[in-house]
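Right, one structure below, let's go through it.
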Amino acid sequence: MRERDASQDIDQATLHRPITKWAYSIPAASKIQEALRRAFRVALAEPLGPVHLDVAKDVLLEKTEPEPIAPQTYRPTSLPECAAREIEKAGQIVSVAKRPVLLVGGGVLREGALAALRELVEATGIPVATLQYHPDAYPTALPGSLGPLGRNGWSSANRALPEADVVIAVGAHIDVFSTTFKYGLLSREAKLIHHSPVATDIGVVFPVVHAVVGSTASFVAGLARELHGRRWQWCDVEKLRREWNAERERLLDTSARPIVPPLVAHSIRHALPADGIVIVDAGNAGKHMRTFMDTEQPDTFMYISDWGSVGAGLPIAMGAKLARPRQPVLAAVGDMGMMCNLGELETAVRERIPVVCVVFNDCGLGNERAFQKELYGGRLFGVDYGDVDFAALARVFGAHGERVSEPSLLLPAIRRALESGKPAVVDVVIDKNTLAPVVYRQS
């Protein structure tokens, strides 16, 4: 049937190649198991990422001999350790710093290195900021935490990092949301030590004074040894955090109608327990959520990374709930994000996956509205549409659904959704003119 313009005939491997680490069309049943081994080997190598396998029906119907090959015999199961001499040099640079800061990324989470990182921070007094994709890599409840850096990050981090003379990026993929890819949040005069398990992540935007490649766990442990006995007290983290808390509290207008989006984000955080997982969809709702995303435990926050794919929040939340069934899982989505994959509510109901979606419903595209106001003089085009009652639609699917337009009813509604034991939607009517910043301006 291929190459004959049959129904749905398309070169799938070519289609997927730009957005995957490997795309392959399996030619015969004898190649299926080999292809699957390579798929897992490629997907699980740093940097982690998706692969795509295309296989025709007639290949799937063929018979072949089984190849029972255990994972540890066809792919590595651990990362190489950082070279001792590279860690020693990093330690020498940090030792003479007056104002060092740790900038922490996803490598800490993937390797379970938080306990060792916390010991390093408590022993040295070096403050910690996190990259925006991973605010839970060093939870904000821990001592020394400045919170996430960047646009829609925390002013406690945004005020401290420009003062640093040495920045130690740990397990870090340096992203545009955290740094704007410009000097400012990261001082041009600062020395950047960049550690990553991925050599090609280093020096992409900011030149480094020293690069270290290898496992995050080995880098943290090695740096702790190199800095033994050294301690810094240059940054008053508690004061910066108090000032930030006062700053964001001023965003919470409990009398405003329609409800202001910061109040929705604040209520989500208060409704969830310490181990509750938040999946942040793309769009303006996610920017509000980051402002109030205090974290107490690792692996409790997920954003859809560099792609920023609107609508991925609900499906990812369903996967997170299946992986962590004992933890509450909530997706913070905009109304367009909810519409993109609304049909997955049926899947969640059918498969009994009790995820909660809180919809920031402004009857339009909040992010595009913000960009048009910021960059195009407020000339709005194509950003408004009709009112969709997502709570009513949830009930049609057999899920729990509530619509909220009164601020005082917001927190109880989210708590009822979490306690319902069912897939649930809390549809919150928000003020479309209260927009999170889409352009970072350093104060």
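Bear in mind that the values in this text are calculations on the coordinates, not laboratory data. Note that this is a predicted model, so its numbers are computed, not measured. Because the Cβ atoms are built from the backbone with ideal geometry, glycine has one as well, and the counts that use them run over all protein chains shown.
Please work out how much length the chain gains when fully extended from Ala45 to Ser309, using 0.36 nm per residue of separation minus the C-alpha to C-alpha distance, in nm with one decimal.
Numbers: separation 264, 0.36 × 264 = 95.04 nm, distance 2.29 nm.
Taking Ala45 through Ser309 to full extension adds about 92.7 nm, to one decimal.
Scan the stretch 28-98 for GluC sites (Glu not before Pro) in coil per DSSP, keeping those whose Cβ has at most 13 other Cβ atoms within 10 Å, and list them by number. Let's see the in-between values first.
Values: sites: Glu34, Glu62, Glu81, Glu86, Glu88; in loops: Glu62, Glu81.
Hits after loop and neighbour filter: Glu62.
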To the nearest 0.05, how large is the calculated FRET efficiency for Leu252 and Arg416 if R₀ is 25 Å and r is the Cβ-Cβ distance? 0.75
Determine the gain in length on full extension of the stretch Thr73-Ala199; use 0.36 nm per residue of separation and subtract their C-alpha separation, reporting nm with one decimal. 42.9 nm
Centre separation in Å (Cα based) which lies between the stretch 8-30 and the stretch 247-289: 41 Å
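How much FRET efficiency would the formula 1/(1 + (r/R0)^6) give for Ile19 and Asn245, where r is the Cβ-Cβ distance and R0 is 41 Å, rounded to 0.05? Intermediate results must be reported in sequence, preceding the final value.
Numbers: r = 40 Å, r/R0 = 0.97.
Given R0 = 41 Å and the Cβ-Cβ separation, E is 0.55.
Restrict the search to the stretch 1-92; then list the chymotrypsin sites (Phe, Trp or Tyr not before Pro) that DSSP places in a loop and that have at most 15 other Cβ atoms within 10 Å of their Cβ. The partial results should precede the final answer.
Working: sites: Trp22, Tyr24, Phe40, Tyr74; in loops: Tyr74.
Here the chymotrypsin sites (Phe, Trp or Tyr not before Pro) that fit, given the DSSP loop and packing criteria, are Tyr74.
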Sparse-neighbour loop sites [trypsin sites (Lys or Arg not before Pro); the stretch 357-392; at most 10 other C-beta within 10 Å; DSSP]: Arg379
Simple spin-label model, 7 Å along Cα-to-Cβ: Glu406 to Gln442 in nm? 4.7 nm
How much length, in nm to one decimal, is gained on full extension between Gln233 and Val209, taken as 0.36 nm per residue of separation minus their Cα-Cα distance? 6.3 nm
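Cβ under 9 Å from Pro135's Cβ, Pro135 left aside: what net charge do those residues give with Lys, Arg +1 and Asp, Glu -1? Could you put the intermediate results ahead of the total?
Numbers: positive: Arg290; negative: Asp136, Asp294.
Net local charge, Pro135 excluded: -1.
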Taking 7 Å along the Cα-to-C-beta vector as the label spot, tell me the Glu119-Glu81 distance in nanometres, rounded to one decimal. 1.4 nm
Placing each pseudo-label 7 Å from Cα in the direction of the beta carbon, Gln12 and Arg188 end up separated by a distance in nanometres of 5.1 nm
